[in-house]
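Single-structure report; data block below.
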Amino acid sequence: MSRHGLMRWKVPFALLSAALALVLTGPAYAQTEPLAVPATAGSPQTTGRTETYRETRPVAPGVELSTVEMYGPDGATGEPGWLQTYQMSVDLTSGVQIGRLFPGQVAARRPLLDMARDAGAVAAVNSDYFDISGSGAPWGVGIQDGELLQSPLPNTKATQTDQTAVMFSEDQVGAIGEIVFEGTIELPGGRTVPLDALNKAELLDNQIGMFTPVWGTYCRCHPVRGVERTIEVVVRDGVVAEVAGVPREGAIAEDTFVLVGREAGAEALSSLRPGDPVSVDYDVRAPGDMKVEAAMSGRQLLVADGEPLELPAGNNTPEPRTAVGFSADGTKMWLVAVDGRQPEFSRGIGLNELARMMVDLGAHSALNFDGGGSTTLVARDPGEEDAELVNRPSDPAGTRPVPTGLAMFLPEGSGRATGFWVGTATERDRFPGPDPAASWRTERVFPGLTRALSADAFDETYGPADLPGKARPRWRVADDRIGRVDRDGVFRARSPGETTVTAKWGKVTGDIELTVLGELAKLETGPGRLNLLEKGAKGTFEVNGSDSAGYAAPIDPADVTLTYDDAALDVTADGAGAFTVTARADDGEHVVTVSAGGVTTELVVGIGTSQGMVENFDETWNWRFWSLRATGTVSSTPDGHDGNGLKLDYDFTQSTETRGVGIWPVSNLLPVSGEPTAFKLWVKAEGHVHRTRLEVVDRNGTLHTIEPAFITEPGWQQVTYDLPDTMAYPVSLRRIFFNELDPDARYVGTLVLDELTAVVAGSP
């Protein structure tokens, strides 16, 4: 629900424009140094953006979450844009307990929200980078409830960077530093060899790793793929039970561990036979000999000794980000999630600017967690039992499953009400428009229209509380010239201005500030058009309005009148502030007339689809080869899906970092007619794991990267690239490309592309 926070600051858009003019002339913070170094004296300690909106709410005693919107130049490119951040401050002395979330197995992933709810966390963010194209296991250290689940692995081939860790002591003091793993294997005759890793998705040359039941079922061959000399030794109750030349998959019994060796590591274990005694001993060392209760890894260090570090240019592209920081004494923590890859909503941020943001918050040290599509922050609202998704993850498919999270827990409260959390009864997502906050500014309302309010009781922990019997709060408005509120908490606006609405029961109170705008002058639907693929398909739309000055707010469904052909469509309020449209007809275009407050607009609903050919690849002269840390060629082949196709020959043996191969038009952009909802492409692959992406540029010049899935199977397969509902048409195709993310996967290969089509809603 949209809630009234401890602090809410708004800059009117008309007044903001002058501030933005100053922002846009500010410096860009480019960085070309090869290593992270402290920022020079006089370097900006702020991001250079103007804050346009802030709302702060409590999550738990000592824990506050701020949603902050900014506008201004990107810290590296200088390009102006919107930025949406979520900043959580945590007093680690307040009684909140910090823990590590994971799915129960190291080699597994789950959505962060599911893990947080199952564990009873009041808030959480994603943490470790992980083996995204394989096991799903985190690259870094894992300590949970004082138990080492997996070792750290510095300077891995996967990252070429130290795996700096964030750790918490038993008394809830936080720190950032290096955790060192030390292990020994004792073989028959008292001979010892090093144990290099515990439950890791990667082993370096000549190493030996140990796998325990918590690893899961994923093949233990994964860390040694491509290696000729390997061995697996199964040890049960301290005695060798099995020896195999190739590591295998499957669960490990509770009284069992498995040793996997490669090269010299395999040779060291080669003399073992069933019945031989084998034991292991391992531990970790943390800075200052901290007894670590929980630990997980990040990657780049952002802040050291209170100074923001500068990282190479490759780290400063605007992306979704997650970060953690601490005060000098480790008793205050800041968690930050930044949305990105959604240009109309939030472009993202580079690491140098993120470092400055962490310093602005007060961090003496800070660390970058996994970002991109992994960036996720969840938290509960006051008075609620379960956490909810707070940010807007960038993956088109929704929330990305991750292997770990940093979470906060509290003892259960008394359940006795100490306050009300008052907010609007429905929550709205933002949609692109002239007012960047048009849709989700539910604290605004137009004269003559209504806003339904809610009041959730919370206890001393901000957890749920009940009122006795059938007790309900009484509602009161501070200035009834601005509006009135009925006994059910429905506010009806009267005249422009601001007022406070209070919910009260005995000594339990809570309030919300509402703003009544000018008279409603314009209506819009979000999106402006709905495309339903077939009969029975569903879609949703919101209704938003603005006054003559351009100030915008959502319209509650109760204030909306709809007119449409009920033989073709069924439209109902969805209970969340929007409408659900269900297609009853097989095809065609249909109009929904939307009216509120004497103002009318129309929504077009297209039913059915048609596909139009964008490129048949019969010829290749109009396409250029693109590569990243790879070489290759583009040519025509008769072995297309239907006739000729485009062949991409490539060499991925020249680097262990992310490599890529693809094509782009000779003309740089290929215009696409109509309003496609998706693109489809036939791809003939060889069974390698490739991330596939397609880039389009919209009417506003904004670049959108569409990432449907990974290609894993050999042979012909049709890939669908679904475009977001908020796309501004027309669009142009910029690039199609494929990435190899696995550092150990080095090979020469071929891809064949054919029949790129555009899916357009409505009958041809």
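Quick note: the coordinates plus some simple rules give every number you see, no bench work behind them. For clarity, every value in this text was computed on a predicted model and none was experimentally measured. We place every Cβ from the backbone using ideal geometry, glycine too, and count neighbours over all the protein chains shown.
Between amide H atoms placed 1.01 Å from N, distances below 5 Å from residue 483 occur with 494, 495, all of them 5 or more places distant or on a separate chain.
Other residues whose C-beta falls under 11 angstrom from the C-beta of residue 564 contribute a net charge of -3, scoring Lys and Arg +1 and Asp and Glu -1. Evaluated over the chain, the count of Lys pairs having alpha-carbon atoms less than 28 Å apart is 13 (only pairs 8 or more residues apart or interchain). The amide H of residue 463, built 1.01 Å from its N in the peptide plane, has 383 as neighbours under 5 Å, considering only residues 5 or more places off or on other chains. 3J(HN,Hα) along segment 212-222: 10, x, 5, 4, x, 9, 4, 4, 6, 6, 4 Hz, from the Karplus curve 6.51 cos²θ - 1.76 cosθ + 1.60 with θ = phi - 60°, whole Hz, x for Gly and Pro.
With K and R counted +1 and D and E -1, the other residues having a Cβ less than 14 Å from that of residue 275 yield a net charge of -1. Around the amide H of residue 741, modelled in the peptide plane, lie the amide H atoms of 691, all under 5 Å away and 5 or more residues distant in sequence or on another chain. Matching the structure-derived Cα extents along the principal axes in Å against the labelled list [x] 133, 81, 70; [y] 74, 56, 53; [z] 90, 70, 55 gives the label [z]. Here the 3J(HN,Hα) profile of segment 746-753, calculated from phi with Karplus coefficients 6.51, -1.76 and 1.60 at θ = phi - 60°, is 10, 6, 10, x, 9, 10, 10, 10 Hz, Gly and Pro shown as x. Counting beta carbons within 10 Å around each of 345, 446 and listing the fewest first gives the order 345, 446. Shown for 716, 475: other C-beta atoms within 10 Å of each C-beta, ranked fewest to most, produce the order 716, 475. When each of 707, 178, 353 is scored by the number of other beta-carbon atoms lying within 10 Å, the sequence from fewest to most is 178, 707, 353. Between residue 611 and residue 595, the distance separating the two model label sites (each 7 Å from Cα on the Cα→Cβ line) works out to 4.3 nm. Whole-Hz Karplus values for segment 284-290 come out as 10, 10, 10, x, x, 6, 4 Hz, taken residue by residue from phi with 6.51 cos²θ - 1.76 cosθ + 1.60 and θ = phi - 60°; glycine and proline positions read x.
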